[in-house]
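Notes to accompany the following structure.
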Amino acid sequence: MPFSFHSHSAEFCKHASGGSLSDVVEAARSSGYTVFGLSEHMPRYNAQWIYPEEAELRMTCDDLSTQFDQYVDEACRLQDHYQTLRQRGECDLELFVGAETEYTHDDSVREILELRRRHKLDYIVGSIHHVHGIPIDFSKESFEEALATHWHGDHQSLFCDYFDEQLELLRGVRPEVVGHFDVIRKYCPAVAFSARVLERVGRNVQFCADSGLLVEINSSGVAKGCKRPYPQEDVMSIARDAGVHFTLGDDAHSPGDVGLYYSHVRQYLHDFQLDQQVYRLVKRRDDHKSSKDDHVSFQHVSTELVPDIVKHHFWTRSPVYALAET
């Protein structure tokens with residue numbers, strides 16, 4: 001403890017850096033995590049959504065699919081390896097194998113559900129990185145170009161469209177974890193949400209609360225220049241009051257990112273009195289084996305309250321986690 005259900009590695013994500021999937025997992029173990037979720041990006045199936053760093057490597061959509069297949073194979077190998085270590089009493093780390101969504105067009109829901117079925121993934125991180133198929137969190141330059149070209153500089157219209165597409169994703173996929181809920185403000189953190197945007201925020205968080213989806217408190221928001229981890233305080237207040245269940249994610253893109261800015265996460269949990277609203281995923285073991293490498297199949301996950309998380313002994317590992325007076 002604590003835990004994260006959102007991570008990436010340079011081995012299977014070309015905008016990540018610094019190490020293999022195994023390196024990222026070992027960093028989680030060394031950091032004192034007891035639960036860690038692997039969630040590489042799902043492949044994109046049309047060349048128009050290949051990212052620049054992938055294009056520089058001349059990657060095709062088939063390459064992205066092959067890369068994801070290789071990721072699942074390696075993730076399942078690591079999951080089995082660490083499970084064996086746990087059974088021997090040599091390690092406390094439990095791994096989950098999942099994927100982060102790419103919601104780019106009308107058929108994305110079908111693609112996500114088919115990918116999950118095919119690979120028997122433990123869970124899904126439901127994230128929005130595109131609005132109307134246009135990337136909105138790749139770079140500040142591409143964000144500003146898209147804002148000017150497609151939304152005529154109107155931030156509020158872009159925000160509304162973002163949350164409308166997020167709701168489509170949530171309804172269609174019902175991901176266990178909702179990733180970086182308000183990442184749309186990544187390149188414009190000083191722009192406040194209007195009343196019509198906040199109305200959509202309230203609608204979406206109520207859907208999460210009613211459906212039992214875990215909204216991620218994502219520490220990478222601090223790294224992107226936001227005051228707090230995602231979601232920011234205005235969204236957090238609405239979500240907390242709606243009775244949303246939260247979970248934790250560091251959105252690591254390298255071994256050094258594991259647990260980065262978790263001091264801000266603890267402070268956030270304390271300031272918003274969320275000690276009884278933080279949950280983790282737990283596995284419900286099936287009685288059968290999957291056909292792929294005889295890997296144990298976890299068809300279902302459920303959630304479990306992590307009570308009094310702000311007081312957990314993990315935070316005594318380093319003075320960096322000490323709470324500030326508020």
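Does Tyr187 satisfy being closer than 22 Å to Asp250 by Cβ, of a type in the set (Phe, Trp, Tyr), at pLDDT 95 or above and within 15 Å of the chain's Cα centre (by Cα)?
no
Could you tell me how many of the residues in segment 23-73 are open to solvent by less than 40 Å² (accessible area, probe 1.4 Å) and outside any loop (DSSP other than H, G, I, E, B)?
Total meeting the criteria: 19.
I need the full set of residues from segment 153-166 which are open to solvent by 10 Å² or more (accessible area, probe 1.4 Å), under 25 Å from Glu111 (Cβ atoms) and either of a type outside the set (Asp, Glu) or under 20 Å from the mean Cα position of the chain (by Cα) (or both), in order please. Please lay out each step first, then the result.
At the first step, the residues of segment 153-166 found to be open to solvent by 10 Å² or more (accessible area, probe 1.4 Å) are 153-157, 161, 164-165.
Those still in the list that are under 25 Å from Glu111 (Cβ atoms) too: 161, 164-165.
Hits for segment 153-166 are Asp164, Glu165.
Looking at (1) under 20 Å from the mean Cα position of the chain (by Cα); (2) surrounded by fewer than 23 Cβ atoms within 10 Å (Cβ to Cβ); (3) over 17 Å from Asn218 (Cα atoms), can you tell me which one Arg203 breaks?
Among (1) under 20 Å from the mean Cα position of the chain (by Cα); (2) surrounded by fewer than 23 Cβ atoms within 10 Å (Cβ to Cβ); (3) over 17 Å from Asn218 (Cα atoms), the lone unmet condition for Arg203 is (1).
Of the conditions (1) in a loop (DSSP other than H, G, I, E, B); (2) touching a residue at least 60 places away in the same chain (Cβ under 8 Å); (3) charged (D, E, K, R), Asp275 clears all except one; give me its number.
(2)
Take segment 1-22 and flag every residue that is of a type in the set (A, V, I, L, M) and open to solvent by less than 10 Å² (accessible area, probe 1.4 Å).
Leu21
Just the residues that are outside any loop (DSSP other than H, G, I, E, B) and either crowded, with 23+ Cβ neighbours inside 10 Å or in contact (Cβ under 8 Å) with a residue 24 or more places away in the chain (or both), please, taken from segment 111-139. Reasoning before the result, please.
From segment 111-139, those outside any loop (DSSP other than H, G, I, E, B) are 111-119, 123-126, 130-131, 134-135; that's our starting set.
If the condition is that a residue be outside any loop (DSSP other than H, G, I, E, B) and either crowded, with 23+ Cβ neighbours inside 10 Å or in contact (Cβ under 8 Å) with a residue 24 or more places away in the chain (or both), then Glu111, Ile112, Leu113, Leu115, His119, Tyr123, Ile124, Val125, Gly126, His130, Val131, Pro135 are the ones that fit.
Quickly run through segment 206-257 and pick out the residues that are surrounded by fewer than 17 Cβ atoms within 10 Å (Cβ to Cβ) and of a type in the set (S, T, N, Q).
If the condition is that a residue be surrounded by fewer than 17 Cβ atoms within 10 Å (Cβ to Cβ) and of a type in the set (S, T, N, Q), then Gln206, Ser211, Ser237 are the ones that fit.
The values are calculated or read from the model by the stated rules, or taken from the named source; none is laboratory data. Small disclaimer: the values here were computed from a predicted structure and weren't measured. Every residue, glycine as well, gets a Cβ built from its backbone with ideal geometry; the counts of neighbours run over all protein chains shown. Calculation scope for accessible area: heavy atoms of the full protein, side chains included, ligands and nucleic acids excluded. Shrake-Rupley method; radii C 1.70, N 1.55, O 1.52, S 1.80 Å.
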